[in-house]
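Bear in mind that the values in this text are calculations on the coordinates, not laboratory data. What you see is a predicted model, and the numbers here were worked out from it, not measured in a lab. For neighbour counting, all protein chains shown are included, and Cβ atoms are generated from backbone atoms with ideal geometry for every residue, glycine included.
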Amino acid sequence: MAIEQTFSIIKPDAVARNLIGTINARLEAAGFQIVAMKLIQMSRSDAENFYGEHQGKPFFGPLVEYMTSGPIVVQVLQAENAVLKYREILGATNPENAAAGTIRHDLAESMSRNSAHGSDSLSSAAREIGCFFEQSEIFSK
Ligand code: IDP
């Protein structure tokens with residue numbers, strides 16, 4: 001299996017509840033190496049661009065409001081099969097449908113305040129990493 005990089009966000013609800021360490025411990029225990037990480041607050045244009053595929057959907061406005069409401073942690077995670085592996089430990093978008101033991105099942109507040117983001121494909125990961133990181137900020141061997 002190939003070594004991949006995926007993009008992760010620890011979302012505002014999780015940062016506000018002091019869950020950065022809890023989520024990072026889960027990521028490291030699952031075998032991810034955190035090769036880039038920043039604490040930032042997204043601007044409205046960052047959020048609109050990042051979630052551009054959802055423009056026009058009823059939840060788009062509230063999603064942008066929420067994602068800009070406070071600090072978030074943006075990360076690049078590296079592992080074998082990282083994209084699928086992270087989606088598996090993240091769990092379904094709606095925490096009510098997420099499997100027991102996943103981040104969203106165990107930690108998320110609701111479908112909109114669902115604690116973390118993980119890229120859904122290698123091409124999304126490349127695009128999303130590029131929204132927040134220069135290549136020189138990624139510490140990959
Ligand atoms: P994902 O984060 O599991 O990849 P997406 O469908 O890409 O899910 O949606 C992006 C984010 O938008 C979700 O994580 C969630 O915060 C929010 N979202 C998606 N669908 C809904 C919805 O039907 N109601 C409220 N928020 C939603």
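Counting only residues at least eight positions apart within a chain, or on another chain, the lysines with an alpha carbon under 22 Å from that of LYS141 are LYS38, LYS85.
Shown here for segment 1-108: GluC sites (Glu not before Pro) in loop regions (DSSP other than H, G, I, E, B) with at most 11 other Cβ atoms within 10 Å, of which there are none.
By the scheme Lys and Arg +1, Asp and Glu -1, what is the net charge of all other residues having a beta-carbon under 14 Å from that of VAL74? Value of the local net charge: -1.
Ordering VAL74, VAL15 from the fewest to the most neighbouring beta carbons within 10 Å gives VAL15, VAL74. Restriction of the chymotrypsin sites (Phe, Trp or Tyr not before Pro) in segment 73-141 to DSSP coil positions whose beta-carbon has at most 14 other beta-carbons within 10 angstrom yields PHE139. Dividing the mean sequence gap of close Cα pairs (under 8 Å, 6+ apart) by how many residues the chain holds gives a relative contact order of 37 percent. Beyond 25 Å, what share of the Cα-Cα pairs of the chain remains, rounded to the nearest whole percent? Tail of the P(r) past 25 Å holds 19 percent of the pairs. The three principal axes of the Cα atoms in segment 39-117 give end-to-end lengths of 32, 28, 22 Å, sorted in falling order.
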